[in-house]
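Note sheet for the following structure.
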Amino acid sequence: MAIINRGCRFLGMRGIKYVFSFMSLLCVRHAGAQVTGGQFAMEFLRLSTSPHTSALGGISVANPDNDISLVAQNPAMMRPGLHNQLSLNYNSFYGDINIMNLQYGYHVPDINTSFFGGVQYLNYGSFFETDNTGNINGDFHAVDYSVTVGASRTYLEHWRYGAAIKWAGSALYQSSATALLVDIGVNYFDTATLWDFGATAKNMGSMVKKYDKTNGAEPLPFDLQIGISKKFKHMPLRIFTTIHHLYEWDVRYDNPTDNISTNILGTTDSSKLNETHFADKLFRHFIFGAELALGKHLLITGSYNYLHRKELAISTKTGAAGFAFGVGIDLNKFQIHYARNYYHIAGAYNEIGLNFAMNKLLSIGKANGKKLWKAEYPDWN
């Protein structure tokens with residue numbers, strides 16, 4: 001055990017530097033990458049894995065709330081305070097797609113390491129298999145899934161660093177694929193000033209089995225994200241700013257109508273060709289959110305995702321595209337989270353989640369008469 005502890009302390013001293021150096025390298029490596037929809041395998045890995053995250057715009061890498069589901073966004077968010085917490089989430093997504101997520105955390109004080117695991121499952125339903133004349137020859141199902149295990153450790157007083165390994169799989173008609181991926185992250189939380197900073201590199205890895213062996217590269221949906229949040233001491237409010245796709249400046253959809261339009265005389269006007277769209281390109285990387293705590297048991301959340309609004313709103317009517325709202329209720333032994341996310345004017349999707357304090361509900365996590373629940377450990381270190 002002494003050898004393990006010495007090794008963990010060595011990783012703690014070097015880990016933060018290694019993580020930041022690696023993230024900087026990733027920015028350079030992917031600087032020329034093209035962010036275009038439909039060009040990546042395992043795109044489902046970009047989806048939010050909980051209503052709490054969905055209510056914050058789909059990404060939340062700097063959120064110190066007592067919610068185990070948030071560790072799927074940044075492995076460094078796992079900490080002793082989330083020990084023995086279980087999260088179950090259900091998402092009634094568009095097109096009758098059913099999405100289920102599970103997260104569980106456990107802290108091991110002997111080596112001062114917090115572990116977690118998770119499962120993501122998407123069921124696209126049953127489809128008819130037909131020939132070119134419409135005759136039904138049978139049916140088939142389509143599913144995507146991922147299984148994650150990870151761990152995090154503390155460094156100095158305010159820092160944590162973590163990593164997670166993901167096995168992702170997909171079965172779509174007669175094609176199937178698998179991939180092995182890694183997430184790494186760091187988090188800084190100051191309990192005095194209530195500032196939180198997080199950074200994570202997601203979905204690094206390669207395909208183990210391609211959908212089609214004759215295909216060339218099937219890139220995975222890598223992303224580099226940072227986030228910052230601040231809770232006010234004398235106000236029950238926390239504000240969030242998240243920046244995504246840090247490795248690529250221009251993530252605008254290449255829409256020809258943005259450059260050429262038709263004037264009232266019916267002729268084409270190409271004057272927009274030389275526009276730089278600087279502000280538009282900049283804010284497509286940003287998500288803004290806020291959480292308002294009403295007492296000790298109720299949390300109201302709202303967010304605005306500029307990229308979602310610009311990509312999914314239509315020119316004649318934008319509606320609430322890009323906005324998301326949520327509510328959380330903390331009842332001590334369990335939490336209830338609900339989110340409503342507006343992607344498009346066609347409608348919103350609803351998501352619900354339950355977090356359970358397993359020790360308090362089922363007496364799980366006791367050893368030799370000693371309770372191994374979060375009250376036995378500091379929340380952060």
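The values are calculated or read from the model by the stated rules, or taken from the named source; none is laboratory data. Predicted model, so just to flag it, every value in this text is computed and none were measured. Cβ sites come from the backbone with ideal geometry, for glycine too, and all protein chains shown count toward neighbours.
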Using beta carbons and a limit of 7 Å, which pairs, at least six apart or on different chains, have the first residue in the stretch 37-58 and within 23 Å of GLY289 (Cβ to Cβ) and the second one acidic (Asp, Glu)? PHE44/ASP144; PRO51/GLU351; HIS52/ASP67; SER54/GLU351
Looking at this structure, is LYS310 over 27 Å from HIS245 (Cα atoms) and at pLDDT 85 or above? no
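Tell me the residue from GLY37, GLY57, GLY15 that is under 28 Å from VAL119 (Cβ atoms), surrounded by fewer than 24 Cβ atoms within 10 Å (Cβ to Cβ) and at pLDDT 50 or above, please.
Details: GLY57 fails: surrounded by fewer than 24 Cβ atoms within 10 Å (Cβ to Cβ); GLY15 fails: at pLDDT 50 or above.
So the residue among GLY37, GLY57, GLY15 that is under 28 Å from VAL119 (Cβ atoms), surrounded by fewer than 24 Cβ atoms within 10 Å (Cβ to Cβ) and at pLDDT 50 or above is GLY37.
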Is one or more of the residues making up the stretch 296-307 within 22 Å of ASP250 (Cα to Cα) and not in a strand (DSSP E or B)? yes
Within the stretch 264-295, restricting to residues that are in a helix (DSSP H, G or I) and surrounded by 12 or more Cβ atoms within 10 Å (Cβ to Cβ), the one that is modelled with the lowest pLDDT is LYS272
Single condition THR316 does not satisfy, out of (1) surrounded by fewer than 20 Cβ atoms within 10 Å (Cβ to Cβ); (2) within 22 Å of the chain's Cα centre (by Cα): (2)
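State all residues of the stretch 339-376 that are at pLDDT 60 or above and more than 30 Å from THR316 (Cα to Cα); if no residue qualifies, say none. Before you say what the answer is, go through the steps one by one.
Initially, the stretch 339-376 is screened for residues at pLDDT 60 or above, giving 339-363.
Within the stretch 339-376, ILE352, GLY353, LEU354, ASN355, PHE356, ALA357, MET358, ASN359, LYS360, LEU361, LEU362, SER363 meet the criteria.
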Suppose we keep only residues that are surrounded by fewer than 23 Cβ atoms within 10 Å (Cβ to Cβ) and assigned to a strand (DSSP E or B) within the stretch 182-196. Which one would you say is nearest to the chain's Cα centre (by Cα)? VAL182
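Would you tally the residues in the stretch 149-176 being more than 30 Å from TYR106 (Cα to Cα) and either modelled with pLDDT of 95 or more or among the small types (Gly, Ala, Ser) (or both)? Before the answer, list the steps.
Let us first name the residues in the stretch 149-176 that are more than 30 Å from TYR106 (Cα to Cα), namely 171-176.
Within this subset, residues satisfying the condition of being either modelled with pLDDT of 95 or more or among the small types (Gly, Ala, Ser) (or both) are 171, 175-176.
Residues meeting the conditions: 3.
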With the structure loaded, tell me whether ASN74 is farther than 23 Å from GLY198 by Cα, surrounded by 24 or more Cβ atoms within 10 Å (Cβ to Cβ) and either touching a strand residue (DSSP E or B) at 6+ places or on another chain (Cβ under 9 Å) or of a type in the set (Lys, Arg) (or both) or whether it fails that test. no
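In the list SER126, SER87, SER92, SER146, which residue meets the criterion of being among the polar types (S, T, N, Q), over 19 Å from ASP67 (Cβ atoms), touching a strand residue (DSSP E or B) at 6+ places or on another chain (Cβ under 7 Å) and at pLDDT 95 or above? It would help to see each step written out before you state the result.
Values: SER126 fails: at pLDDT 95 or above; SER87 fails: over 19 Å from ASP67 (Cβ atoms); SER92 fails: at pLDDT 95 or above.
One residue alone meets the criteria, SER146.
What is the residue count in the stretch 81-127 for residues that are hydrophobic (A, V, I, L, M, F, W, C) and in contact with a Pro (Cβ under 8 Å, 6 or more places away or on another chain)? Walk me through how you get there before you give the answer.
Narrowing the stretch 81-127 to residues hydrophobic (A, V, I, L, M, F, W, C): 82, 86, 88, 93, 97, 99-100, 102, 108, 111, 115-116, 119, 122, 127.
Add one more test, that the residue is in contact with a Pro (Cβ under 8 Å, 6 or more places away or on another chain), and what stays is 116.
Number of matching residues: 1.
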How about the stretch 72-106: which of its residues are among the aromatic types (Phe, Trp, Tyr) and assigned to a strand (DSSP E or B)? TYR90, TYR104, TYR106
